[in-house]
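Below: one structure, written as structure tokens.
Taken together, the values in this text are just the output of simple stated rules run on the coordinates, not laboratory data. Since this is a predicted model, take the numbers as computed values, not measurements. Cβ coordinates were reconstructed from backbone atoms using ideal geometry, including for glycine residues, and neighbour counts include every protein chain displayed.
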Amino acid sequence: MNNRKSITVLVADDDTAILESTKLLLEMNDYTVITSTGSDVISLMKKHSPAIVILDMWMGQIDGRDLCKNIKADTTIATIPIIIVSASNEIEFTYAATGASDYIEKPFDIDELLIKLEKYSGQN
Amino acid sequence: MSKKKLLQSDLHNKTSDQPTLSNSSLLQTESQYHALFETLTQGVVFRDSTGKITAVNKAAEEILGVSESQLLGQLSVGLDRPCLKEDGTVLETEDHPSMVALRTRTEVRNMILRVPNFKKNEYRWITANAIPLFDANSKKITQVYVSFNDITEFKHSKELLDMRLRLQQAISALSQKALSKRPLTELFDNATEQLARILNVEYTNIVQMLPDKDEVIFRAGYGWEQNVQIDRTTAPMGNKSLAGYTLSSKRPVILKNLLKETRFNKPKLLLQHHITSGMCVILHKNNGPYGALCIFSRQRRNFTTDDISYLQSIANILSFAIQQNETEHELIQNEHKFRHIAQALPQIIWIADAKGKIEFFNEQWYDYTKMSPDDASAESWSKAVHPQDRHRVWHLWNETIRTGQPYEVEYQLRNGETGKYFWFLSRAVPIKDKTGTILQWFGTSTNIHEQKQAQQALEKNTDLTDAILQSLPSHVIVLDNQGTILAVNDALKTFAFENTTLYPSEVSIGNNYLKVLSQTRTKYGDAINKIKYGIRAVLTREVNNYSLEYSYQRGKDESWFLLQVAPLKHAESGVVVSHTDITERKKLEKQKDEFMSIASHELKTPLTSIKAYGQVLLTVFKRKGDASSVQLLTKMDSQLNKLTDLISDFLDVSRIEAGRLHIEEEWFNLKALIEEVRESMQLTSDVHKLVFDCQVECNVLANKDRLGQVVINFLSNAIKYSPTADKIEITCKRVNEEVVVSVQDHGIGIAPEKHAKIFERFYRVTDGNRPSMPGLGLGLYISSEIIKLFEGKIWVQGEAGKGSIFSFSLPKKRVQYILHE
């Protein structure tokens, strides 16, 4: 558990309530959390080099899939795994094309999210 | 004198002026002559200068029926009997050909006479030649050479032929009279007179049976005494007269000798007339005997077969005439009867002659037209016909008379009382005689005004139907049971004009729509095939009706159409095909789908944070050890999951309707999926034990999540609708080649009549007594749509109160069975 403090998770969502509640949940599970409402995702990634990014697919004006592709095109941050989040169950079929490592459907269970975080943040 | 000797001397005489022959050659010639003499088929007789017979050959012996020895020295070959001349009179001896030759010293050639044949006791006809033979020196007649041929057979044949010819001429003369429809009495008189003459008898008669009395009456007679009177004198029936006996024995009778007759009593009349022989044949009318035709002779006669057949021929001719006469009589009688009946009929009845002239109208004609019988006669009937129709009717009637074809025409006929015209239907048929010649026309005219008006109303109705058809916005094509186009509406024509790819110009009345579709080359081949399939299926009554939504690219835009195929009311009378433009609806549906996507996204966003906040609180209370708060928060979380599911269902339905339910397929292990679902669903119920009986292990080609969704739906329903049961059974088995997954509960069950409905949208099962279970009623609808995508079947079994078994199957091609060794 202790080593989780060193794991930084970037959560991006245009909904601040989701940002706040997710941040709280992840911090209670010992992760270090940075949040973004979308526009500064790339700069934050470059600044903090998070171990994993939880990226909403649909953030108002910003299309998470395009953002995802841009991230993957930038070699300095391309290796950072991304879990894409969507309210649509069709994400199952579309996430792979964006370069994301995995997906999770809204509303999600914290246990499910924690399993995926562990998987992609290099734990175990 | 021997024949040989006579012959020799004769030959010497005959050849004395010839060059002298040597002895031996002379002898040889003699024997040759002798052989010739004896074998000649001609009869040969030699006589001396006094006319006495000196030699006779074999053929002569044959013809005369006597031997040479009886004839030698005789003057006549007839011995004591006379020879006869051709006309039957006696041929005196000095007129015999040999005597004539002696007297005249010239040859007699081809004298025809009759000589007696003693053996056969009859006369033979011969043709004889006599040649006098002279002494070379004295020029005296030494002998007469007589040769003769028997021509009896020839003579008989000729007589027979002459007789037959006479009979034939007589028959044909009488036949012509009979055919020319002369009065019967004239014909009878002719026949009786002719018979007497031809058959050489003294009396002939024709008698008719009197049906009421037991007698026959004279209708004609020839040769009878004054006391016999036509139409008065009668003879008794039965065995008391020849005619009576003939009629009762029903066959011709020949009377050979009245005095020896035993078959019938000797009638006074015949005895009075000294009758010995006779014949009697039957005359026939149409149905039965008319009477008899008889001939009588005072001489004893042996009637020949020719005589008999002649009498029968005459009888046949007379019978024909009698029948003909009778038929005509009946026709006249029938026509009288007919006119009587015609007056009683409600229709107008008329009769025209073969040339089309009206002979008769019944009362109804005069009642209706108010014409007088004088007006209406002949051609003036057409005055009652409406001027508009007159020419047409008159022309048709003349055509009918010309061709002999039945007549049928509708026209307006003037009511003489009101002056108004009403519609009538006139028909006429020819009445023909036995030979097919038209005798008359029989016609009827029926008032069809009401039918005509009804028909006109129907035409209006048809106009209305047509108007409806034309005003429909859908593109409508009416087909007969073969697929031939009966009607198309304006909407289709207009559309076809604008766009020739979907409805080529061949979509027009008379063409076969299925063929036109087959020839349509568009890139929407799949839609075309489905349209053809649908029309065929309804045409063959394989399905009651068929509908299909299909799209095609129209310029830049995608157009959507709804095809509907419905049968025409009467079986096998065709179908109505309509294509309705549903592009607008489809656009709206798409907008709705987009809206649903946004709405569900928007709904899920606060749900996500609520759920996350709840989980924050849950973690906090867990850490504090506040068990009751943890329980409450857990419940809240499960309610949030339900809300999430409801929103997901909405989104699914929206996508199903838009045909956009996204499915990706893969092979996966069915047993593992079901087990996984069972485990997670077991967590949702403490009451039920979920039992999985997996009888077959297999991989299936489907979408794991979607198929899981179906199993979840089955199980959650089973849990929901069997609140008091303690067990739910899941089975997976192989039925034929398909794999079948079933979920059985022991709950409220579903009445069989509702089994089909429960897979419809928004349908919810109730048992009538209880308040219905919560839920939107979308689960089974979504499940059935999912199973359809995997080409499987979904169904339910069971009854109300006895629990339900929900099942789905996947087809053979989507299943790979795993065989364990």
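Numbers below:
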{"read-out": "Full-extension gain in nm, B:K140 to B:K355, via 0.36 nm per residue minus C-alpha separation", "value": "68.4 nm"}
{"read-out": "Cross-link pairs B:K590/B:K642; B:K592/B:K635; B:K727/B:K813; A:K47/A:K119; B:K532/B:K704; B:K642/B:K793 - those with Cα-Cα distance over 31 Å", "value": "B:K592/B:K635; B:K727/B:K813; B:K532/B:K704"}
{"read-out": "Point-charge dipole on Cβ atoms (K/R +1, D/E -1) for the stretch B:314-424, about Cα centre, debye to 20", "value": "360"}
{"read-out": "Selection from B:C83, B:I805, A:L26, by position along the positive dipole direction of the protein assembly as shown (Cβ)", "value": "B:C83"}
{"read-out": "Chain A: C-alpha gyration tensor shape, a/c 1.5 cut-off, then a/b vs b/c", "value": "rounded"}
{"read-out": "Label point at B:W795 placed 7 Å out along Cα→Cβ; residues across the stretch B:724-738 whose backbone nitrogen lies under 18 Å", "value": "B:731-738"}
{"read-out": "Computed lengthening from B:K689 to B:T465, 0.36 nm per intervening residue step minus Cα-Cα distance", "value": "74.3 nm"}
{"read-out": "Full-extension gain in nm, B:L439 to B:Q456, via 0.36 nm per residue minus C-alpha separation", "value": "2.3 nm"}
{"read-out": "Dipole moment magnitude, nearest 20 debye, the protein assembly as shown about Cα centre, only Lys, Arg, Asp, Glu C-beta charged", "value": "4280"}
{"read-out": "Residue mean of other protein chain beta carbons inside 10 Å, B:638-644", "value": "1"}
{"read-out": "All lysines inside 19 Å of B:K432 as judged from Cα atoms, apart from same-chain residues fewer than 8 positions distant", "value": "B:K181, B:K337, B:K355, B:K357"}
{"read-out": "Distance (nanometres) between label positions extended 7 Å along Cα→Cβ at B:I131 and A:T79", "value": "16.2"}
{"read-out": "Number of partner chain Cβ atoms within 10 Å, mean per residue of A:55-63", "value": "1"}
{"read-out": "Inter-chain shielding of A:11-22 (mean C-beta neighbours from other protein chains, 10 Å cut-off)", "value": "4"}
{"read-out": "GNM result for chain A, Cα springs below 10 Å: residue of A:A96, A:A17, A:A87 fluctuating most strongly", "value": "A:A17"}
{"read-out": "The protein assembly as shown shape via C-alpha gyration tensor axes, a/c threshold 1.5", "value": "prolate"}
{"read-out": "Cα centre as origin, Lys/Arg/Asp/Glu Cβ charges: the stretch B:40-86 dipole, Debye", "value": "100"}
{"read-out": "Backbone N within the stretch B:396-436 under 15 Å of label point (7 Å from B:T446 Cα along the Cβ vector)", "value": "B:407-411, B:423-429"}
{"read-out": "Tensor-based shape of chain B (alpha-carbon gyration tensor, a/c under 1.5 rounded, otherwise prolate or oblate)", "value": "prolate"}
{"read-out": "Where a label projected 7 Å from the Cα of B:S309 along Cα→Cβ would reach, residues of the stretch B:166-204 with amide N under 16 Å", "value": "B:166-172"}
{"read-out": "Long-range Cα-Cα pairs in the stretch B:319-358 (distance over 12 Å), rounded percent", "value": "68"}
{"read-out": "Cα-based Rg of the stretch B:104-200 normalised by 2.2 N^0.38 Å, two decimals", "value": "1.93"}
{"read-out": "Options B:L71, B:S241, B:V710, ranked by Cα towards positive dipole end of the protein assembly as shown, top entry (Cβ charges)", "value": "B:L71"}
{"read-out": "Nearest-0.05 FRET efficiency for A:S39 and B:K733, computed from C-beta distance (R0 60 Å)", "value": "0.60"}
{"read-out": "DSSP-defined antiparallel bridges as percent of all bridges, the stretch A:1-114, nearest 5", "value": "10"}
{"read-out": "Nearest-0.05 FRET efficiency for A:E90 and B:L562, computed from C-beta distance (R0 25 Å)", "value": "0.35"}
{"read-out": "B:S69-B:L548 pseudo-label distance in nm [points 7 Å out on the Cα-to-Cβ vector]", "value": "12.4"}
{"read-out": "R0 of 56 Å, Cβ-Cβ distance B:K515-B:Q323: FRET efficiency to nearest 0.05", "value": "0.30"}
{"read-out": "Evaluated at q = 0.27 Å⁻¹: base-10 log I(q)/I(0), Debye formula over Cα of the stretch B:681-734", "value": "-1.14"}
{"read-out": "Simple label model, 7 Å out from Cα along Cβ direction - B:D80 to B:T583, nm", "value": "13.8"}
{"read-out": "Sequence-distant lysines (8 or more away, or on other chains) whose Cα lies within less than 25 Å of B:K119", "value": "B:K3, B:K52, B:K58, B:K85, B:K155, B:K158"}
{"read-out": "For the protein assembly as shown, with +1 on Lys and Arg beta carbons and -1 on Asp and Glu, the positive-most of B:P116, A:Y120, B:L167 along the dipole", "value": "B:P116"}
{"read-out": "Candidate lysines for bridging to B:K266, where Cα separation is under 24 Å - those fewer than 8 sequence places away on the same chain excluded", "value": "B:K213, B:K240, B:K250, B:K256"}
